[in-house]
1. Tell me which residues, restricted to region 30-44, are out of contact with any Lys or Arg (no Cβ under 6 Å at 6 or more places or on another chain) and open to solvent by less than 60 Å² (accessible area, probe 1.4 Å).
2. Could you tell me whether THR126 is open to solvent by 60 Å² or more (accessible area, probe 1.4 Å), over 19 Å from the mean Cα position of the chain (by Cα) and at pLDDT 75 or above?
3. Within region 82-119, which residues are farther than 18 Å from ALA48 by Cβ and either modelled with pLDDT under 75 or in a loop (DSSP other than H, G, I, E, B) (or both)?
4. Of the residues that make up region 8-29, is at least one surrounded by 12 or more Cβ atoms within 10 Å (Cβ to Cβ) and outside any helix (DSSP H, G or I)?
5. Restrict the check to region 54-66 and report whether at least one residue is farther than 15 Å from VAL160 by Cβ, in contact (Cβ under 8 Å) with a residue 24 or more places away in the chain and surrounded by 19 or more Cβ atoms within 10 Å (Cβ to Cβ).
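The values are calculated or read from the model by the stated rules, or taken from the named source; none is laboratory data. Computed from a predicted structure; not experimentally measured. Cβ atoms come from the backbone with ideal geometry, glycine included; neighbour counts cover every protein chain shown. Surface accessibility is based on the protein's heavy atoms, side chains included, excluding ligands, DNA and RNA. Shrake-Rupley method; radii C 1.70, N 1.55, O 1.52, S 1.80 Å.
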Amino acid sequence: MIPDYPPIFWAYAVIAITLLGISKAGFGAGAAVLATPLLSVAIPVVDAAALLLPLLIICDIFSLLHYRRRFDRQSLQRLLPGAVTGIALGAFFFSFFQGNQQILKTGIGLLAVIFVVHQMLKNMLTGVYKNHKPATLEGAVLGCVSGFTSTLAHAGGPPVMIYLLPQ
């Protein structure tokens, strides 16, 4: 059964899914970060996150199949403990503020703005990243940020890329 969402939702949904597709195909460089905030303009944040989750899971299954033999075990070991912690923190944040849509929308909007600013400044930051070998602590911290942002807004990719690209 399809919920009774406002008509503008369908326009936002088409744009959000297009952004997800472009980003997952490797062309959008993080454009998917805007999908959840965009949908949350028309519907509750929890609904927006829940609607996008199955699509993202399917995309991730194909990514895992493609890269299952090509990954850096050490980077994964550095990111994973922080990611699990971040997921737990994100779940707590989501459940604690579930009744307050304004706080959830503000949090998701803030994450989107931070990632957009990062994309805008990426060229300036490339020189900083290029000569930097991330340490174990940075992997754990960025893994935590990734887990949190992934749980809250399906936007865990940019923090992981900040960690992985300099390598």
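1. So the first thing to find is which residues in region 30-44 are out of contact with any Lys or Arg (no Cβ under 6 Å at 6 or more places or on another chain), and the list is 30-39, 41-44.
Matches in region 30-44: GLY30, ALA31, ALA32, VAL33, ALA35, THR36, PRO37, LEU38, LEU39, ALA42, ILE43, PRO44.
2. no
3. HIS118, GLN119 - these are the residues of region 82-119 that are farther than 18 Å from ALA48 by Cβ and either modelled with pLDDT under 75 or in a loop (DSSP other than H, G, I, E, B) (or both).
4. For region 8-29, residues surrounded by 12 or more Cβ atoms within 10 Å (Cβ to Cβ) and outside any helix (DSSP H, G or I): present.
5. Among the residues of region 54-66, not one is farther than 15 Å from VAL160 by Cβ, in contact (Cβ under 8 Å) with a residue 24 or more places away in the chain and surrounded by 19 or more Cβ atoms within 10 Å (Cβ to Cβ), which makes the answer no.
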